[in-house]
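S.K.: First the structure, which I've put down as structure tokens, then a few questions once you've had a look.
Since every read-out is calculated from the coordinates, none of them should be taken as a lab result. Every value quoted in this text rests on a predicted model; they were computed, and no experiment measured them. Quick reminder, even Gly has a Cβ in these numbers, built from the backbone with ideal geometry, and neighbours come from all protein chains shown.
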Amino acid sequence: MDVLVTGGTGRLGQRLVQPLQGAGHTVRLLSRRGTGPGGVRGDLAVGGPDLRQAAAGAEIIVHAASDPQGDPWQVDVAGTRRLVEAVDRERLRHLVYLSIVGVDRIPYGYYRAKFAAEQVLLASRLPVTLLRVTQFHDFIDFLLDSAKRGPVLPVPMGWRVQPVDVGEVAAHVTEVVAMPPSGGVVEFGGPEDLAAADLARAWAGARAPGTHVVATPVPGKLSAAVRDGAAVPSGGARGRRTYAEHLHA
Ligand SMILES: NC(=O)c1ccc[n+]([C@@H]2O[C@H](COP(=O)([O-])OP(=O)(O)OC[C@H]3O[C@@H](n4cnc5c(N)ncnc54)[C@H](OP(=O)(O)O)[C@@H]3O)[C@@H](O)[C@H]2O)c1
């Protein structure tokens, strides 16, 4: 099958090439620059002939492009609408959208945009699966490194997370594309439901020895939702690789 991966240069997109090719697919990686092997150019914030041409050839689309730091309403929501309009409905067999566990429950601007993109896809009547995934291990590393202030690492008290190995996400996506479209939400997460403070202590021990982790109460609805387990999957398959294994690899 011809598989178009949007977000082909991203953390997940790069890891998708090997398992998808291993399953016999031809893989094209869409990004704004469109460089590198298999690279095709297309800007979801703009649309136009590049995006139309890239999408029209696809039998399978793994939609993993996102712009959390920029304008997710333009890229994730309007961009998903542009993608829907660009596909060849006769040709497309399955569109798998990468979403995040908790986008329906955690009141956070980026998650609202991801949820709105899910609604665009559900309304499109395309053969879709909305695959909600938990945080990737290396994304957790990045967040903790960014949160560190000198020797102190403040972490929200009571937050629950279930991070996952990005390679296992890529392998799971490869399995999902070969399944019939679910027409709704499926979840995938890591093997362990962990307190953010424990995760941070493990990270500090392996990557920043001497760092003092301080669990800090965080008020508000967002924090309450994450304490309540909204970022932890309630169903679906699980990866096997633990965060500790990731840290010590
Ligand atoms: N990271 C996590 O922990 C995590 C957890 C759960 C779910 N997810 C979801 O999984 C997906 C992939 O995440 P990731 O961490 O791999 O993302 P990432 O590393 O931030 O990569 C984002 C990708 O989107 C592309 N992109 C951004 N703006 C674009 C535009 N206007 N037009 C076309 N492409 C554009 C980027 O390509 P260029 O900049 O090269 O154009 C890049 O390839 C996202 O939908 C994310 O919400 C991520």
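S.K.: Quick one: Kirkwood hydrodynamic radius for the stretch 121-219, alpha-carbon pairs, angstrom, one decimal?
M.R.: It is 15.4 Å.
S.K.: Among Ile140, Leu222, Pro181, flag the residue with its Cα farthest along the positive direction of the charge dipole of the stretch 139-249, charges on Cβ as +1 for Lys/Arg and -1 for Asp/Glu.
M.R.: Selected residue: Leu222.
S.K.: Moving on. Over the chain, what is the relative contact order in whole percent, taking alpha-carbon pairs under 8 Å and six or more residues apart?
M.R.: Taking the mean separation of contacting Cα pairs over the length of the chain, I get 19 percent.
S.K.: I'd like the per residue volume of the convex hull spanned by the Cα atoms of the stretch 2-248, given in cubic angstrom.
M.R.: Convex hull of Cα atoms, per residue: 122 Å³.
S.K.: Using a Gaussian network model on the chain with a 10 Å cutoff between Cα atoms, which of Pro209, Pro68, Pro107 fluctuates the most?
M.R.: Pro209
S.K.: For n ≥ 4 DSSP H runs only, could you compute -39500 (n - 2.57) per run for the chain, divide by its residues and tell me the 222 nm figure to the nearest 500?
M.R.: Computed ellipticity for the chain at 222 nm equals -11000 deg cm²/dmol.
S.K.: Pick out, from Leu121, Ala171, Leu16, the residue whose Cα sits farthest towards the positive end of the charge dipole of the chain, with +1 on the Cβ of Lys and Arg and -1 on the Cβ of Asp and Glu.
M.R.: Toward the positive end, the furthest listed residue is Leu121.
S.K.: To continue, here is another question. Can you tell me the dipole magnitude for the chain around its Cα centre, using point charges on the Cβ only (Lys, Arg +1; Asp, Glu -1), in Debye to the nearest 20?
M.R.: Rounded to the nearest 20 debye, it is 280 debye.
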